[in-house]
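Visitor: Just dropping this structure here.
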Amino acid sequence: MTDHFNGIKDIKGNRMEQQHLSWFRALCDRLEGNLVQFTRLQSASQFHYKAAASVLIAVFVYFAFAVLHVQAETLVFIVLVFSRLWPKFSALQSNLEQIGQTVPAFRHLRELQQASEAAREPEPLRLAEGGAVQVAQGFELRDVYYRYDREQETYALQAVNLRIPAHRMTAVVGRSGAGKSTLIDLLIGLVQPERGQVLVDGKPLGAGEAYELRRSVSYVSQDPFLFHESVRDNLAIAAPDASEERMWEALRFAAADAFVKRLPEGLDTILGDRGVRLSGGERQRIVLARAILRNPSVLVLDEATSALDSEREAGIQEALERLRGRMTLIVIAHRLSTIRGADQIIVLDNGTIVQNGGYTQLSEEQDGLFGKLLSYQAKASG
Ligand SMILES: Nc1ncnc2c1ncn2[C@@H]1O[C@H](COP(=O)(O)OP(=O)(O)OP(=O)(O)O)[C@@H](O)[C@H]1O
Ligand SMILES: [Mg+2]
């Protein structure tokens with residue numbers, strides 16, 4: 001049902017109602033089948049239990065009378081005691097059945113809990129508040145291999161060696177599925193490499209260090225996420241002490257100030273399903289403002305301006321140029337015009353680095369993937 005509501009636009013827009021309904025129906029049928037099977041099992045076991053009990057009682061009464069010659073009063077007394085005790089026994093039996101029913105679910109939950117415990121990040125190493133770690137020299141990847149599924153042969157990233165200098169702008173480009181987002185996950189320690197090393201300022205990035213590092217990182221993911229709260233709360237979650245003035249400054253940076261002013265209650269407008277719904281580009285700009293507001297040492301933008309019109313994107317590009325020198329910028333972009341100013345461009349293909357260098361250098365390299373991507377875009381823009 002959640003799938004249905006989340007995908008309603010795609011479902012209706014492509015007339016997939018019938019197919020989706022038949023999935024749902026199949027699921028309900030399975031549910032129904034399970035329930036019927038369970039009830040059948042339960043009543044069958046109840047029946048056997050009761051039948052066996054009746055036979056047992058009959059045999060007992062017969063034995064008591066015919067063989068042991070127990071007196072009638074004593075027998076009535078015994079039967080009375082039994083009839084009092086009986087409900088306890090049958091409650092025991094049905095409780096056991098219920099436990100049997102819930103054990104599989106409980107086992108799944110335990111497994112999930114254990115997996116989560118195993119993947120738990122260690123407590124932060126240093127608890128010094130305020131003074132965020134500054135990345136002074138930069139990142140380095142040494143012969144890094146990573147794959148999502150250890151059973152699969154293909155690596156999402158393999159034999160990756162690179163340096164990302166601090167206070168510069170590094171762009172990562174490549175076809176869809178090349179491994180760009182995965183590279184970012186490795187850099188900020190969201191995932192650990194299977195082989196090789198990630199170094200920050202020359203020190204290996206373990207899970208504890210990664211937790212500390214992310215204090216000074218702002219990451220705008222490919223899929224911008226806003227909480228169902230006001231604009232102000234959505235910004236303040238990144239920087240709780242930020243003044244209203246600084247919020248507007250960040251919004252201005254992300255070219256979001258004009259439309260936020262136009263919202264019914266300005267900064268206090270609730271966003272999300274029961275509040276004001278934003279367009280894709282507006283959402284991106286608020287998430288970008290949130291990232292800037294933290295005043296990070298490292299700013300990572302994964303397709304952060306993909307939904308914006310060229311004019312706004314150019315504005316944000318200029319603003320980013322001004323940040324260079326103060327922050328380490330790592331930018332993923334499909335629209336290559338946006339990374340013209342990058343100090344270094346890393347071209348990924350199928351999980352490996354195929355080119356690495358400056359914009360002009362790469363565009364002049366014959367038969368390079370970068371040149372190819374550039375020429376496609378030049379053709380597209382006429
Ligand atoms: N959570 C995941 N589980 C399994 N495989 C994944 C997962 N995320 C990505 N992959 C796979 O890893 C490869 C690299 O994915 P990645 O998201 O890094 O690509 P990308 O370069 O960011 O692509 P795009 O430009 O489309 O965002 C892809 O083949 C993808 O199918
Ligand atoms: Mg990606």
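The values are calculated or read from the model by the stated rules, or taken from the named source; none is laboratory data. Bear in mind that the values here come from a model prediction, so they are computed numbers and not experimental data. Cβ atoms come from the backbone with ideal geometry, glycine included; neighbour counts cover every protein chain shown. Keep in mind that these areas ignore ligands, DNA and RNA; they rest on the heavy atoms of the full protein, side chains included. Shrake-Rupley method; radii C 1.70, N 1.55, O 1.52, S 1.80 Å.
Visitor: Specify which of the listed residues (Val198, Val260, Val172) is farther than 24 Å from Gln317 by Cβ and either in a helix (DSSP H, G or I) or not hydroxyl-bearing (Ser, Thr, Tyr) (or both).
Guide: Val198 is the lone residue from the list that is farther than 24 Å from Gln317 by Cβ and either in a helix (DSSP H, G or I) or not hydroxyl-bearing (Ser, Thr, Tyr) (or both).
Visitor: Could I ask something else about it? Is it the case, given these coordinates, that Leu362 is part of a strand (DSSP E or B), more than 16 Å from ligand 1 (Cβ to nearest atom) and either assigned by TED's automatic domain parsing to the domain that holds Gly179 or within 30 Å of Leu251 (Cα to Cα) (or both)?
Guide: Considered against the rule, which asks whether it is part of a strand (DSSP E or B), more than 16 Å from ligand 1 (Cβ to nearest atom) and either assigned by TED's automatic domain parsing to the domain that holds Gly179 or within 30 Å of Leu251 (Cα to Cα) (or both), Leu362 comes out as no.
Visitor: Here is a list: Ser306, Ser375. Which entry is under 25 Å from the mean Cα position of the chain (by Cα), on the phi < 0 side of the Ramachandran plot and either among the hydroxyl-bearing types (Ser, Thr, Tyr) or in a loop (DSSP other than H, G, I, E, B) (or both)?
Guide: Ser306
Visitor: Could you check how many residues of the range 237-284 are open to solvent by less than 40 Å² (accessible area, probe 1.4 Å), out of contact with any Leu (no Cβ under 7 Å at 6 or more places or on another chain) and within 23 Å of Ser310 (Cβ to Cβ)?
Guide: Here the count works out to 6.
Visitor: How many residues are surrounded by fewer than 10 Cβ atoms within 10 Å (Cβ to Cβ) and β-branched (Val, Ile, Thr) when one looks only at the range 7-16?
Guide: Result for the range 7-16: 0.
Visitor: Also, quick follow-up: Let me spell it out: the conditions are (1) free of Cβ contacts under 8 Å to residues at least 40 places away in the same chain; (2) more than 21 Å from Gln134 (Cβ to Cβ); (3) assigned to a strand (DSSP E or B), and Glu245 meets all of them except one. Which number is the exception?
Guide: The number of the failed condition is (3).
Visitor: Being over 14 Å from Arg175 (Cβ atoms) and either within 16 Å of ligand 1 (Cβ to nearest atom) or part of a strand (DSSP E or B) (or both) is the filter; apply it to the range 340-359 and report the residue that is most open to solvent (accessible area, probe 1.4 Å).
Guide: The qualifying residue most open to solvent (accessible area, probe 1.4 Å) is Asn356.
Visitor: Give me the pairs, please: first residue somewhere in the range 150-169 and on the phi < 0 side of the Ramachandran plot, second residue anywhere and within 16 Å of ligand 2 (Cβ to nearest atom) and small (Gly, Ala, Ser), beta-carbon distance under 6 Å, and either six or more positions apart or on two chains.
Guide: Here the result reads Tyr155/Gly351; Ala156/Gly179; Ala156/Gly351; Leu157/Gly179; Leu157/Gly351; Gln158/Gly351, each pair linking the range 150-169 to a residue that is within 16 Å of ligand 2 (Cβ to nearest atom) and small (Gly, Ala, Ser).
Visitor: Looking only at the range 175-221, which residues are open to solvent by 50 Å² or more (accessible area, probe 1.4 Å), within 16 Å of ligand 1 (Cβ to nearest atom) and on the phi > 0 side of the Ramachandran plot?
Guide: Within the range 175-221, just Gly177 meets the criteria.
Visitor: Just to be sure before I move on: is Arg312 open to solvent by 50 Å² or more (accessible area, probe 1.4 Å), over 27 Å from Leu190 (Cβ atoms) and without any contact (Cβ under 8 Å) to a residue 12 or more places away in the chain in the structure I sent?
Guide: No, not satisfied.
Visitor: Here's a follow-up. Can you pull out every residue in the range 134-162 that is open to solvent by 70 Å² or more (accessible area, probe 1.4 Å) and within 15 Å of Leu348 (Cβ to Cβ)?
Guide: Thr154, Asn161
Visitor: Would you check which residues across the range 167-212 are of a type outside the set (A, V, I, L, M) and within 16 Å of ligand 2 (Cβ to nearest atom) and list them?
Guide: Thr170, Gly174, Arg175, Ser176, Gly177, Gly179, Lys180, Ser181, Thr182, Asp185
Visitor: From the list Ala178, Ala210, which residue is in a helix (DSSP H, G or I) and among the hydrophobic types (A, V, I, L, M, F, W, C)?
Guide: Going through Ala178, Ala210 in turn, the sole match is Ala210.
Visitor: A further question on this structure: If you take the residues in the range 364-382 that are farther than 13 Å from Val173 by Cβ and polar (S, T, N, Q), which one is modelled with the lowest pLDDT?
Guide: Per the criteria, the residue is Ser381.
Visitor: Select, from His4, His48, the only residue that is open to solvent by less than 90 Å² (accessible area, probe 1.4 Å) and either under 19 Å from Asn95 (Cα atoms) or under 49 Å from the mean Cα position of the chain (by Cα) (or both).
Guide: His4
Visitor: Could you tell me which of the residues Ile286, Ile332 is under 28 Å from Leu187 (Cα atoms), at pLDDT 90 or above and within 16 Å of ligand 1 (Cβ to nearest atom)?
Guide: Ile332
Visitor: If a residue must be of a type in the set (Gly, Ala, Ser), touching an Asp or Glu at 6+ places or on another chain (Cβ under 9 Å) and more than 25 Å from Ser310 (Cβ to Cβ), how many such residues does the range 338-373 contain?
Guide: 1
Visitor: Select from the range 339-348 the residues that are touching a residue at least 40 places away in the same chain (Cβ under 8 Å) and either within 16 Å of Val300 (Cβ to Cβ) or charged (D, E, K, R) (or both) and list them in ascending order.
Guide: Residues satisfying the conditions are Ile339, Ala342, Asp343, Gln344, Ile345, Ile346, Leu348.
Visitor: Go through the range 160-174 and give me each residue that's away from ligand 1 (no atom under 15 Å from the Cβ) and over 21 Å from Pro296 (Cβ atoms).
Guide: Asn161
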